[in-house]
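Only one structure is covered here, and it is reproduced in the block below.
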Amino acid sequence: MNDQPVSINEEDLHAYVDGALSEERRAQVEQALEQNPALAAKVSDYFSLNSMFHERYDRVLNEPVPARLRPRKERNWRDAMNWPQFAGMAAALVLGVGIGVGTNMGRGVPDSGTGMASTTQSSDTRPVSADSTEMFARRVAIAHVVYMPQVGRPAEMGQGHEEDFVRFLSNKLGTDVHPPMLTKSGFQLDGGRMLPGKDGPMAQFMYRNADGERLTLVISHRKASSNTTAFKLYQDGPVNVFYWVDGNFGYAVSAGIDRNVMLQIAHDVYAQLTSATAG
Amino acid sequence: MDIRDELMEHVPRLRRYARALVNNRDLSDDLVQDTLERALSRTEKFKAGSDLRAWLFTIMHNVFINQVRKASSKAVHVSVDDESIVETEFAVAAAHTQSLEVRDLDYALQRLPAEQREVVLLVGLEEMSYTEVALALEIPVGTVMSRLSRGRERLRALMAGAQPGAKLQVVR
């Protein structure tokens, strides 16, 4: 048996290429390949075919998805899943919908007479910090603006589906997520959804108070871990975002309401999330 | 949850696979569109927590096989050896400086029987395990392996026949 290599069939060769063999069988195939150049050439061709597939077709992954392939029954902002496009629309919405609930209209909001184009431009040309957490905050602000106009109860979380939804989000984020209760501050949980993010999925929870003011909490699972940061404030037009990073997770609270109130809420959120993970 | 958001995450990969499978941009996007529409019309059949990607590939497989059947029942015979078809199909790649081998890949793939092409691509391009392919195509693992074995070997022979010096010419 030592001189005569064990018989290797066609399917073994393929399974070898596809990494589907047991350790033992793999060793046997490798031995056979060493002794048989014809087999080795074949296997090498099979490997080449696989890499040629990628060389040839992976570029499709980077092509913009044509409009007809974006689920489109409800024509609304949620269908725009590409962030750049998202950003453009958000910029338009800042003006168009006029969601300046609070009065903290920052310097970033241009004269409304300048119109949409200049808004888009100003948000595009604003110096973007290399700090990825700031990028995160910016996206959160955009998401807040984009989704806030949906006044009704979002479809994603109907009555009674809250638990399912929370479980679903937990699966996606790879951790237990429990949306904090903000009733103390007058906000009721109103809905939530999953957003695609550059660093992985983000869960967005929406809250609303009796006055119809909205607040969103975004939790994102980051690829890179980092130490806990202090609260930071990011302001995009009328939207204030308090954000912080804790290990693998980034958190952000956004709303167009008074900063001091928001800071209070951010502390509340932080306290609840910390005790939840500890417990 | 909104399954639309979920679906969107899979669209680029569905498109990649469809492009390799059908080798025509519009037709392959048609395939993706049919797949998405079918998926959206029966979201209640999708079990939450199970593998959405596998489910989508199963749907795409069914749509694709139906198309193949329809096309063959119409019995319009188009010879796969017709070089003129090849020329027009390849013309799109002109801007890229791809090797002759890679460019011929489209052609060679189209000469595989549809069921072999699916398996070869699901394994080689989508990097699915044999079990995943078996589930997606609803066939036994043994069938996956025999289709893979025959398909890949055939593809290898076709590509080997398309090396420089062989009769296929470089497209400008």
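Only one of the numbered conditions (1) assigned to a helix (DSSP H, G or I); (2) more than 15 Å from A:Val65 (Cβ to Cβ) is not met by B:Val32, and that is (2).
Of the residues that make up segment A:42-55, is at least one within 21 Å of B:Thr143 (Cβ to Cβ), of a type in the set (A, V, I, L, M, F, W, C), open to solvent by less than 50 Å² (accessible area, probe 1.4 Å) and more than 10 Å from every other protein chain (Cβ to nearest Cβ)? The answer is no, given that none of the residues of segment A:42-55 is within 21 Å of B:Thr143 (Cβ to Cβ), of a type in the set (A, V, I, L, M, F, W, C), open to solvent by less than 50 Å² (accessible area, probe 1.4 Å) and more than 10 Å from every other protein chain (Cβ to nearest Cβ).
Among residues of segment B:17-34 being open to solvent by 10 Å² or more (accessible area, probe 1.4 Å) and either under 16 Å from B:Leu109 (Cα atoms) or more than 10 Å from chain A (Cβ to nearest Cβ) (or both), the one that is farthest from the chain's Cα centre (by Cα) is B:Asp34. Just give me the residues in segment A:1-24 being modelled with pLDDT of 90 or more and more than 14 Å from chain B (Cβ to nearest Cβ), in sequence order. Listed by number, the residues that qualify are A:Glu23, A:Glu24.
Among all residue pairs at least 6 apart or on different chains, which show Cβ distances below 9 Å where the first residue, located in segment B:37-66, is at pLDDT below 85 and the second is part of a helix (DSSP H, G or I) and surrounded by fewer than 17 Cβ atoms within 10 Å (Cβ to Cβ)? Close Cβ pairs satisfying both conditions: B:Thr43/B:Ile3; B:Phe46/B:Ile3; B:Ala48/A:Asp164; B:Ala48/A:Arg167; B:Gly49/A:Arg167; B:Gly49/A:Asn171. Take the conditions (1) assigned to a helix (DSSP H, G or I); (2) within 19 Å of B:Leu137 (Cβ to Cβ); (3) modelled with pLDDT of 90 or more; B:Ala108 misses just one of them, which is (2). Filtered by the rule that a residue be farther than 13 Å from A:Pro66 by Cβ, at the interface with another protein chain (Cβ under 7 Å from one of its Cβ atoms) and in a helix (DSSP H, G or I), segment B:35-56 gives a lone residue, B:Leu40.
A count restricted to segment A:236-261 and to residues that are within 22 Å of A:Glu213 (Cα to Cα) and without any contact (Cβ under 8 Å) to a residue 24 or more places away in the chain stands at 1. Close Cβ contacts (under 7 Å, 6 or more residues apart or on different chains) running from residues in segment B:122-146 that are more than 9 Å from chain A (Cβ to nearest Cβ) to residues that are open to solvent by 40 Å² or more (accessible area, probe 1.4 Å) and part of a loop (DSSP other than H, G, I, E, B) comprise B:Ala134/B:Pro140. Within segment A:181-193, residues that are in a loop (DSSP other than H, G, I, E, B) have Cβ atoms under 6 Å from residues that are hydroxyl-bearing (Ser, Thr, Tyr) in these pairs: A:Leu182/A:Tyr207, counting only partners at least 6 apart in sequence or on another chain. Does A:Met206 meet the test of being crowded, with 20+ Cβ neighbours inside 10 Å, modelled with pLDDT of 75 or more and within 14 Å of chain B (Cβ to nearest Cβ)? Spelling it out, A:Met206 is indeed crowded, with 20+ Cβ neighbours inside 10 Å, modelled with pLDDT of 75 or more and within 14 Å of chain B (Cβ to nearest Cβ).
The values are calculated or read from the model by the stated rules, or taken from the named source; none is laboratory data. This structure is a prediction, so every number in the text was calculated from the model and none was measured. Glycine gets a Cβ as well: all are built from the backbone with ideal geometry, and neighbour counts include every protein chain shown. Surface areas here come from the heavy atoms of the whole protein model, side chains and all, with no ligands, DNA or RNA. Shrake-Rupley method; radii C 1.70, N 1.55, O 1.52, S 1.80 Å.
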